[in-house]
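These notes concern the structure reproduced below.
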């Protein structure tokens, strides 16, 4: 679990600096609206978090998703592999987090046990492919 947590923090912090990212939804990040509550009640996290991308057309999102090599598409059921899946229907539930408009696609990320540097490189190359579309 510590590796899932560490990997998720590294990915979330890296993603938070990306111009393609509108918001990272991870309560362990100080930028999260409920960070103080999370910090009060928890002493760690798991590898699951959300990322709201900036507005884009479906072709760009498809290019990003298709370019991923290490992240597989799907929901995590507690496995060790890194997974990513678009979850636009979940945006309706984010109003309580202070997000009242649809900036772009919502991605659900499960950080696995792979090397975080390799996962960051995979996301980076997918963003590069996306920018060319």
message = I'm told residue 96 meets every condition in (1) at pLDDT 95 or above; (2) not in a loop (DSSP other than H, G, I, E, B) except one. Can you identify the failing condition by its number?
response = (1)
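Name the single residue, out of those in the stretch 76-85 being out of contact with any helix residue (DSSP H, G or I) (no Cβ under 7 Å at 6 or more places or on another chain) and modelled with pLDDT of 90 or more, that is surrounded by the most Cβ atoms within 10 Å (Cβ to Cβ).
Restricting to residues being out of contact with any helix residue (DSSP H, G or I) (no Cβ under 7 Å at 6 or more places or on another chain) and modelled with pLDDT of 90 or more, the top hit is 84.
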note = Only one of 37, 65, 70, 52 is surrounded by 14 or more Cβ atoms within 10 Å (Cβ to Cβ) and part of a helix (DSSP H, G or I), namely 65
query = Any residue at all in the stretch 60-78 that is over 14 Å from the mean Cα position of the chain (by Cα), farther than 16 Å from residue 127 by Cα and free of Cβ contacts under 8 Å to residues at least 60 places away in the same chain?
reply = yes
inquiry  = Yes or no: the stretch 39-55 includes at least one residue that is farther than 23 Å from residue 114 by Cα, out of contact with any strand residue (DSSP E or B) (no Cβ under 9 Å at 6 or more places or on another chain) and in contact (Cβ under 8 Å) with a residue 24 or more places away in the chain.
reply    = no
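Suppose we filter 12, 23 for residues that are closer than 22 Å to residue 121 by Cα, in contact with a strand residue (DSSP E or B) (Cβ under 8 Å, 6 or more places away or on another chain), assigned to a helix (DSSP H, G or I) and at pLDDT 80 or above; which single one remains?
Details: 23 fails: assigned to a helix (DSSP H, G or I).
Checking each option against the conditions leaves just 12.
The values are calculated or read from the model by the stated rules, or taken from the named source; none is laboratory data. Here the structure is a predicted model, which is why all the values come from computation and not from measurement. Cβ sites come from the backbone with ideal geometry, for glycine too, and all protein chains shown count toward neighbours.
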